[in-house]
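*Asks:* This is the structure I have questions about; it appears just below.
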Amino acid sequence: MGRPIAMFDSGFGGLTVARAVIDLLPADDLVYFGDTGRYPYGPRTHDEVQGFALQISDWMISEFDPKILVVACNTAAAVALEDLQDRYELPVIGVLKPGLDSLLAVTASGRVGVIGTVGTIASGAYQRAAAATAPHVDLTCAACPGFVEFVERGETDTEQVHVLAQRLLAPIVDAEIDALLLGCTHYPFLARTIANVLGPDVVLVSSADETAFSLVRALDPVVEVGGGRHRGTHTFVSSGDVDTFANLGRQLLGPELDAVVGHSWSGS
């Protein structure tokens, strides 16, 4: 067996990235870590999230010897990606730049939006990246506290989440954007609710697919995309309740999420 692809998120959101990677590279082994024992990351401080990202990355690299590490969490990528890239010799990619690139590719008006956790939006990572990449674009950002918690409870299409979305997305609606980046990997699971609030003229952009393509580009150029008879093994690890992760994760990802291994952080 070859070295696996490793990725982590605060919980279930990164499964959108895992799904895209499994579809694109079905022969590759994959290890996914969901830090559900400490989610959500959004309200936590910069230093806390940075420490979590470093701890998880050190453990995954030591335990699994991956060929690439994917920070499948926008909050963690916003505060820790550069540090992780400097720390390790293997490729480390995040979801921020691929998502922004996709957003800029689909806008016609130049008025775009990004929604994310409090931590992601407060970090200014998307704002800085957009200013450096496309200074002509009019970017509106909005934090959406509470969205992650709804997804983690499996409540993705309730009246309560719709009411919350109407309130939190009001600045986005007022900005009259034509494309919105779901700047948290949990948010695609709320795409129907978000689309209902914004209307049919706004294109919703998820970073999952583009992150998977970025992963392929970061690996050996001769990687066989979508080919081969061998099916990779998929390992899922959670720092929280493994039964909850298995049940909800299987609904969100699909049948590839079978057993879940538990992991406890000493002293946490």
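Taken together, the values in this text are just the output of simple stated rules run on the coordinates, not laboratory data. Quick caveat: nothing in here was measured; it's all calculated off a predicted structure. Neighbour counts are summed over all protein chains in view; Cβ atoms, including those assigned to glycine, are modelled from backbone coordinates with ideal geometry.
*Asks:* In whole Hz, what ³J(HN,Hα) sequence does region 249-258 give by Karplus (6.51, -1.76, 1.60; θ = phi - 60°), x for Gly and Pro?
*Replies:* x, 5, 5, 7, 9, x, x, 5, 8, 9
*Asks:* I need the phi-derived Karplus couplings for region 167-184: 6.51 cos²θ - 1.76 cosθ + 1.60, θ = phi - 60°, integer Hz, Gly and Pro marked x.
*Replies:* 6, 6, 8, 4, x, 5, 4, 5, 6, 6, 6, 10, 8, 10, 8, 7, x, 8
*Asks:* Let me ask you something else. Please report Asp29, Asp35 as a ranked list, fewest other C-beta atoms within 10 angstrom at the top and most at the bottom.
*Replies:* Values: Asp29 20, Asp35 26.
The fewest-first ordering by Cβ neighbours comes to Asp29, Asp35.
*Asks:* Now for a separate question. Taking the Cα centre of the chain as origin and charging only Cβ (+1 Lys, Arg; -1 Asp, Glu), how large is the dipole, in debye to the nearest 20? Kindly include the intermediate steps, with their values, before the conclusion.
*Replies:* On the way: 16 positive and 33 negative charges, 31 e Å.
Computed charge dipole of the chain: roughly 140 debye.
*Asks:* Do any GluC sites (Glu not before Pro) in region 1-94 lie in a loop, going by DSSP, with at most 12 other beta-carbon atoms within 10 Å of their beta carbon, and if so which? Can you show the working numbers first?
*Replies:* On the way: sites: Glu48, Glu63, Glu82, Glu89; in loops: Glu89.
Passing both the DSSP loop test and the Cβ count: Glu89.
*Asks:* Moving to a separate point now. When the chain is treated as a GNM, springs tying every alpha-carbon pair under 10 Å, which of Ala20, Ala105, Ala122 comes out with the largest mean-square fluctuation?
*Replies:* Between Ala20, Ala105, Ala122, it is Ala105 that shows the largest mean-square fluctuation.
*Asks:* Fewest to most neighbouring Cβ within 10 Å: what's the order for His263, His186, His234, His136? Provide the component values of the computation, followed by the final result.
*Replies:* Details: His263 17, His186 31, His234 20, His136 6.
If I rank by nearby Cβ atoms, fewest first, I get His136, His263, His234, His186.
*Asks:* Consider the candidate values (1) 80, 59, 29; (2) 51, 38, 38; (3) 58, 35, 32; state which one is Cα extents along the principal axes in Å computed from the structure displayed.
*Replies:* (2)
*Asks:* Treat the count of other C-beta atoms within 10 Å as a stand-in for reagent exposure and order Leu181, Leu190, Leu204 from fewest to most.
*Replies:* Details: Leu181 30, Leu190 26, Leu204 19.
Ordered by Cβ neighbours within 10 Å, fewest first: Leu204, Leu190, Leu181.
*Asks:* Which whole-Hz couplings ³J(HN,Hα) result when phi for each residue of region 203-217 is put into the Karplus expression 6.51 cos²θ - 1.76 cosθ + 1.60, θ = phi - 60°, listed in order with x for Gly and Pro?
*Replies:* So the Karplus estimates, Gly and Pro as x, are 7, 8, 10, 9, 7, 4, 5, 5, 5, 4, 5, 5, 4, 4, 5 Hz.
*Asks:* Here is a further query. Once every DSSP H run of n ≥ 4 in the chain is given -39500 (n - 2.57) and the sum is divided by its residues, what mean residue ellipticity at 222 nm do you get, rounded to the nearest 500 deg cm²/dmol?
*Replies:* Details: 12 runs with 121 residues, N = 268.
Calculated mean residue ellipticity at 222 nm is -13500 deg cm²/dmol.
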